[in-house]
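Every read-out reported here was derived from the displayed coordinates using simple, explicitly stated rules and does not represent laboratory data. The shown structure was predicted, so the numbers you read here are calculated from the model rather than taken from an experiment. For neighbour counting, all protein chains shown are included, and Cβ atoms are generated from backbone atoms with ideal geometry for every residue, glycine included.
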There are 4 protein chains.
Amino acid sequence: MIIAMKAGATDDQIDHICNRIREFGYTPHVIRGAERTVIAAVGHGDKKEHIESLKSAEGVEDAFPILQPFKLVSREIKPKTAIKIGDVTLGDGGFVVMAGPCSVETREQLMTTAEAVAAAGAKLLRGGAYKPRTSPYDFQGLEENGLKLLAEARERTGLKVITEVVNTADVELVAEYADVLQVGARNMQNFALLKKLGAVRKPVMLKRGLSATIKEFLLSAEYIVSHGNPDVMLCERGIRTFETATRNTLDLAAVPLLNELSHLPVVVDPSHGTGKRSLVRPLARAAVAVGADGLMTEVHPWPEQAWSDGPQSLRPEEFAEMMNEIEPYVGLRKRE
Amino acid sequence: MIIAMKAGATDDQIDHICNRIREFGYTPHVIRGAERTVIAAVGHGDKKEHIESLKSAEGVEDAFPILQPFKLVSREIKPKTAIKIGDVTLGDGGFVVMAGPCSVETREQLMTTAEAVAAAGAKLLRGGAYKPRTSPYDFQGLEENGLKLLAEARERTGLKVITEVVNTADVELVAEYADVLQVGARNMQNFALLKKLGAVRKPVMLKRGLSATIKEFLLSAEYIVSHGNPDVMLCERGIRTFETATRNTLDLAAVPLLNELSHLPVVVDPSHGTGKRSLVRPLARAAVAVGADGLMTEVHPWPEQAWSDGPQSLRPEEFAEMMNEIEPYVGLRKRE
Amino acid sequence: MIIAMKAGATDDQIDHICNRIREFGYTPHVIRGAERTVIAAVGHGDKKEHIESLKSAEGVEDAFPILQPFKLVSREIKPKTAIKIGDVTLGDGGFVVMAGPCSVETREQLMTTAEAVAAAGAKLLRGGAYKPRTSPYDFQGLEENGLKLLAEARERTGLKVITEVVNTADVELVAEYADVLQVGARNMQNFALLKKLGAVRKPVMLKRGLSATIKEFLLSAEYIVSHGNPDVMLCERGIRTFETATRNTLDLAAVPLLNELSHLPVVVDPSHGTGKRSLVRPLARAAVAVGADGLMTEVHPWPEQAWSDGPQSLRPEEFAEMMNEIEPYVGLRKRE
Amino acid sequence: MIIAMKAGATDDQIDHICNRIREFGYTPHVIRGAERTVIAAVGHGDKKEHIESLKSAEGVEDAFPILQPFKLVSREIKPKTAIKIGDVTLGDGGFVVMAGPCSVETREQLMTTAEAVAAAGAKLLRGGAYKPRTSPYDFQGLEENGLKLLAEARERTGLKVITEVVNTADVELVAEYADVLQVGARNMQNFALLKKLGAVRKPVMLKRGLSATIKEFLLSAEYIVSHGNPDVMLCERGIRTFETATRNTLDLAAVPLLNELSHLPVVVDPSHGTGKRSLVRPLARAAVAVGADGLMTEVHPWPEQAWSDGPQSLRPEEFAEMMNEIEPYVGLRKRE
């Protein structure tokens, strides 16, 4: 790490920092410039607690790490993780589509959707049984009944099931039914939940928090991996910015950036990323083109009747058109 | 709620919307303008699911609520909630200071801090026993041992104890030891936790999420209150913006705005709000002046030895100076 | 427009609002709900000054427009504007690439770049002769000498020239040399400059401001068009958010959204949008896939010697690879 | 500056960087760690062009400056600048209030306001004669007639005049009439305007841009000072964030931070900072408490008739109450 001293820092202050650096197990290198003295501390890892300690000392202007704080999810470990979900593989160069309603509402709604998305080429069925809703007065999900309907839809269509878990107490139950457990954006830094998911033997899809940096996103993935579960997929679903014309701002540059920094596969969710049905298809094409490993899209047979997220849900026929539309884009990737 | 139709919306589409509005139990009022037709739906509450449904219909440009979505925490219910924490009251026009270390680290650290802040006039001792940390490799807290040390410090100093709970599974345990349970910014939309805290018979301090709007903040408070616990205090602790010169951007306008919208008391945390020791004191003065009911400040006897948040922690003597400094500002409020 | 009255608004206050609405030339419609009275004002345009006036009146909670504030750039006027730049057309369904260095530095640098990008298929040469730089100590551009070099490069290669104008006083001079005048992000709301460009007989490329909403972006375009110049192209070049891993956050959803709202062609700049050479190519592919009409990319023969923006500049051979890479994506669009 | 090499950087790449550093006139110090090599470059100034060049080289992960990029406005030059505006001084420990309408509309409006704010204790009259408006269809200002009315109000009341200049072509004219020239938020990076204001012999108030960092804000001030005009005051007026409940997010922590980094006086504008009349007074108190040198507030005798910014304008009697309210807070500062 690097410690920049204040303009008028004294020799005593500089010595004190060097001693602290040695106590922490690093080797200090003092570089005296005309205007400022800088100290480089070389050693194993740039621990946040060491940086904060040095930042708190007299005469220090700033202290910051050089090394990335994530380890196990880093691209430096391996080039790519391919995650097996039964006979479906995410991260092997192919393109996997997950689709379904925001919430599981009724058997008819779910089965209609599942059959339609399976017919159009989706491999996973999404659907929320536990819903994290901004208002306590909004629909909170069918809970275990929703999970049962998802399992029934899997039986009927062969689709794998991805569904959200919102509470540590529900992890085992959800893991019994789901093929992939999803962590929602609002829980990306629910560290108790992440730790618990480290102990699960099913893949986890981690959605990026509304105001999470790429570094924080990867550190949340690191929680799951370091607690024992290597099968984590990352989902870019838009971040919160000043722009209100779209529900969120879909950060597609995050996809190739995550691919540079990490070996984990990356999925894009253009439904939450835009919040507007008419924008889902162009952004789905862009997600393929930018190099994502998969796509998650909301589909509802009757958006007007949807209990949540109707305005961003595709109708089954629109979803089928989207699948046709992205197919040649997926084809181009294979030739690269 | 208001439904704005698209420029070329047909009569059939307008009729369809009116029928849907009636089905939902509202009365539609159609207003035909030269350029656009607008429909106002009058009735009980502007339910989000109704708005989303109408937004999903053909011919609709946009639909939005007129009424605020929070009820129980609204200022329309009552002017102000005063929360009793033993013999301390928050929200009665006085000014309550909470102080202590970011994390409970050792007995010596905690007792030294507790005695110092009590002597300087703080009424509550803060200190984290369960720490939500961005990296899995950072210190995660002493857990129950930390709670025991907090209880011991209470015995010794008479300070009330406020500490964070990060997991639904820990709520009962933390509630046994703490006088006030804190929900951290990263858990502001951990709805499972909020519901659980609705059943607790102790006050809760809810910190504003890093990217939470005022409306979302109040809806999270509404979760706790609607699940049975009326004693919620709100804490403004800075939001995430593009500015990196401070750790967060402390949104002091939120204080009078929350006071206009809600009856819940409001606390300001200038330590997390700025991330810089030298900025804590001016912002503490501003928090008093802007009309907050209380202040939460991080204090550590030896910031350089702190396991977390050293750079923003005041030393005990700096905290005492801050208390002296804000005293006349508190005095001015009493005269108003 | 819609005026929401406060919960306890009196009949006198409601009457006053209705009178004001009539004075402004609208027709008021009063809708009395159980909890709140809402007034709809129907008429020509929802003028901001009227909205603000009503918002300032007693008893009013909020007032907001229904109609979009832009007129001439609206999609409701016509489906699409195709802009002719000599024999090149932007907005006719094809895909136009603009490339070149951030700044014009030397004859050798510019001619080398121009020949390389022309050979690879670019149609316009970009290069700054007047540079808006954050620090007064950074290179400010070659000014008229830079314009002359651009003209020379056009002679030599047949490329059209696009270059930035930063000051009203320079508009005539820049218009003499350039085929397209560019307004930089930092000047998107330099209204004096926009008005002046309304009088120019050359196309203008307007870059989105760092914190400009889509609505503000279109209103800035409306300035140019309403002052007489219909040939405006919009450029999405990334917005400022909390994320610092990329220089800006490229908002690709803005492209189809602008296409829904406006008839003006849209160009994407992945160089400024990401600030990182390795991210330019994937985002260029995504820009084609999402439906942009063109691309602007920074190219420098020796990025290490660049006086500005080296880290985001492609080398000529990388640019040629990018052109090869996007070609089949452009081909897919033609089939649609 | 510091150059962090990539994990597998070769000796040749490291040597190349060291040679470049020497060419630029710095001395390189190579620090080899277990995981990464870091090179510190010591010398005069950390020039952005050097940093970008090194960032563009092979084997480099990142490069960043240690020194602040602003010089003349830095606190390291002198503790504080006091600016004389006739017999009024800003930055000498006192507190100066500037007030008046958003726009100069009519003689009656301006004279009524000027007399009222002078009577209540304001020292400067604000009022826009040239208005930078988001929409071309909004009122653009009375231009020179507005300036003449401001001069007349100065004659009548003794108030000094502050007014905005939006175009380089108008600088001389505005400088003839105004005592202080204001640069609006949207022009904070209109560098042509800043350079021109460097040649003016009148003080300049520079408003912070909507998405400007503190560093960029100070660099814009540096433009004016380095072009010859030392009398620059900074104005914090709120930044753009995701929060829409207030017009902007007033960043009061910027005030003590600017006081740490720079010797220029700092003014707070709670009218634009909040956009809501009811929030202006509490934020005005907070601005005094946090250590600002002055305040700018919008006042209009009849906010409902205002041509702009009515909802955030105080009525004269409200302004007088605000002045009474802040007086004891100003008194507290004198005792410190």
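For the Cα atoms of chain B, what angle does the longest principal axis make with the long axis of helix B:277-290, in degrees from 0 to 90, nearest 10?
Tilt relative to chain B: about 60 degrees.
Which whole-number percentage describes the relative contact order of chain D, with Cα contacts under 8 Å and a sequence gap of 6 or more?
Normalised by residue count, the contact order of chain D is 16 percent.
So what is the 222 nm mean residue ellipticity for the protein assembly as shown from helices alone, if each DSSP H run of at least 4 adds -39500 (n - 2.57) and you divide by all residues, rounding to the nearest 500 deg cm²/dmol?
Only helices count here, giving -11000 deg cm²/dmol.
Rounded, prolate or oblate for the stretch D:116-176? Axes are the square roots of the Cα gyration tensor eigenvalues, ordered a ≥ b ≥ c, and the cut-off for rounded is a/c under 1.5.
It comes out prolate by the Cα gyration axes.
Any lysines with Cα under 29 Å of the B:Lys84 Cα? List them, leaving off those in the same chain fewer than 8 positions away.
The qualifying lysines are B:Lys71, B:Lys123, B:Lys131, B:Lys148, B:Lys160, B:Lys195, B:Lys196, B:Lys202, B:Lys207, B:Lys215, B:Lys334.
Rounded to the nearest 20 debye, what is the charge dipole size of the stretch D:2-64 about its Cα centre when +1 sits on each Lys and Arg Cβ and -1 on each Asp and Glu Cβ?
160
For D:Leu314, what residues show an amide H to amide H distance below 5 Å, using hydrogens built from the backbone and excluding near sequence neighbours?
D:Glu298, D:Val299, D:His300
Report, by chain and number, residues whose modeled amide H sits under 5 Å from the one on D:Val60, excluding near sequence neighbours (fewer than 5 apart, same chain).
D:Lys6
Cα gyration tensor of the stretch C:2-64, axes a ≥ b ≥ c as square roots of the eigenvalues: rounded (a/c below 1.5), prolate (a/b > b/c) or oblate?
Here the stretch C:2-64 falls in the prolate category.
Suppose we take every Cα in chain B and form the convex hull; what volume per residue is that in Å³?
Cα-based convex hull of chain B, divided per residue, equals 161 Å³.
Work out, in µm²/s and without decimals, the Stokes-Einstein translational diffusion coefficient of the stretch A:55-161 at 25 °C, 0.890 mPa s, Rh from Kirkwood over C-alpha pairs.
143
Cut-off is 10 Å between beta-carbons; in what order do B:Phe24, D:Phe70 appear when sorted fewest neighbours first?
B:Phe24, D:Phe70
Would you be so kind as to identify which of D:Ile214, D:Ala245, D:Gln305 lies farthest towards the positive end of the dipole of the stretch D:83-335, taking Lys and Arg as +1 and Asp and Glu as -1 on Cβ and the Cα centre as origin?
The Cα lying farthest towards the positive end belongs to D:Ile214.
If each residue's Cβ is checked for other Cβ atoms within 10 Å, how do C:Asp62, C:Asp269, C:Asp46 rank with the fewest at the top?
C:Asp62, C:Asp46, C:Asp269
With springs only between Cα atoms under 10 Å apart, run a GNM on chain D and tell me which of D:Arg315, D:Arg36, D:Arg285 wobbles the most.
With Cα springs under 10 Å in chain D, the top fluctuation among D:Arg315, D:Arg36, D:Arg285 is at D:Arg36.
Over the stretch D:2-64, what is the relative contact order in whole percent, taking alpha-carbon pairs under 8 Å and six or more residues apart?
The value is 47 percent.
Search the structure for amide H atoms under 5 Å from the amide H of D:Leu250, placed 1.01 Å from N in the peptide plane, and list their residues when 5 or more places away or on another chain.
B:Ala253, D:Ile239
Read phi for every residue in the stretch B:187-195 and hand back ³J(HN,Hα) as whole Hz from Karplus 6.51 cos²θ - 1.76 cosθ + 1.60, θ = phi - 60°, with x for Gly and Pro.
Computed from phi, the couplings for the stretch B:187-195 are 9, 4, 10, 8, 5, 4, 5, 4, 4 Hz.
Tell me, Kirkwood radius of the stretch D:228-321 from alpha-carbon pair distances, in Å?
13.9 Å is the Kirkwood radius here.
Return the distance in nm (one decimal) between the two label points of a simple spin-label model at D:Gln305 and C:Arg107, each offset 7 Å from Cα along Cα→Cβ.
With each label point 7 Å from Cα toward Cβ, the separation is 6.6 nm.
Which residue, A:Lys55, A:Lys202, A:Lys78, tops the fluctuation ranking in a GNM of chain A built on C-alpha contacts under 10 Å?
Of the options given, A:Lys55 has the highest mean-square fluctuation.
Give the whole-number value, in cubic angstrom per residue, of the convex hull volume spanned by the C-alpha atoms of the protein assembly as shown.
For the protein assembly as shown, the hull spanned by Cα atoms encloses 158 Å³ per residue.
Would you list C:His300, B:His29 from fewest to most Cβ contacts within 10 Å?
Fewest-to-most Cβ neighbours within 10 Å comes out as B:His29, C:His300.
If you take the Cα Rg of the stretch C:1-119 and divide it by 2.2 N^0.38 Å, with N the number of residues, what do you get?
1.92
Kirkwood hydrodynamic radius, computed over distinct alpha-carbon pairs, for the stretch C:268-307: how many Å, to one decimal?
Value: 10.7 Å, from the Cα pair sum.
So for the stretch A:83-335: antiparallel DSSP bridges make up what percent, rounded to the nearest 5?
Given both bridge residues lie in the stretch A:83-335, the antiparallel proportion sits at roughly 15 percent.
Between C:Lys71 and B:Arg32, what's the calculated FRET efficiency when r is the beta-carbon distance and R0 is 30 Å? Round to 0.05.
FRET efficiency, C:Lys71 to B:Arg32: 0.90.
What's the magnitude of the charge dipole for the protein assembly as shown around its Cα centre, counting Lys and Arg as +1 and Asp and Glu as -1 at the beta-carbon? Answer in Debye, nearest 20.
About 0 debye.
Could you tell me what percent of the DSSP beta bridges with both partners in the protein assembly as shown are antiparallel, to the nearest 5?
If I count the DSSP bridges inside the protein assembly as shown, around 40 percent turn out antiparallel.
Over the stretch B:146-255, what number does the Rg to Rh ratio reach, with both radii from the alpha-carbon atoms and Rh per Kirkwood?
Ratio of gyration radius to Kirkwood radius for the stretch B:146-255: 1.00.
Alpha carbon centre of the stretch B:300-317 versus the stretch B:52-127: separation in Å?
Taking the Cα centre of each part, the stretch B:300-317 and the stretch B:52-127 sit 24 Å apart.
Taking the Cα centre of chain B as origin and charging only Cβ (+1 Lys, Arg; -1 Asp, Glu), how large is the dipole, in debye to the nearest 20?
Charge dipole of chain B: 380 debye, to the nearest 20.
Rounded, prolate or oblate: pick one for the stretch A:86-218, where a ≥ b ≥ c are the square roots of the eigenvalues of its C-alpha gyration tensor, a/c under 1.5 means rounded, and failing that, prolate if a/b is larger than b/c, else oblate.
oblate
Please give the net charge around B:Ala221, taking every other residue with its beta carbon less than 13 angstrom from that of B:Ala221, where Lys and Arg add +1 and Asp and Glu add -1.
+2
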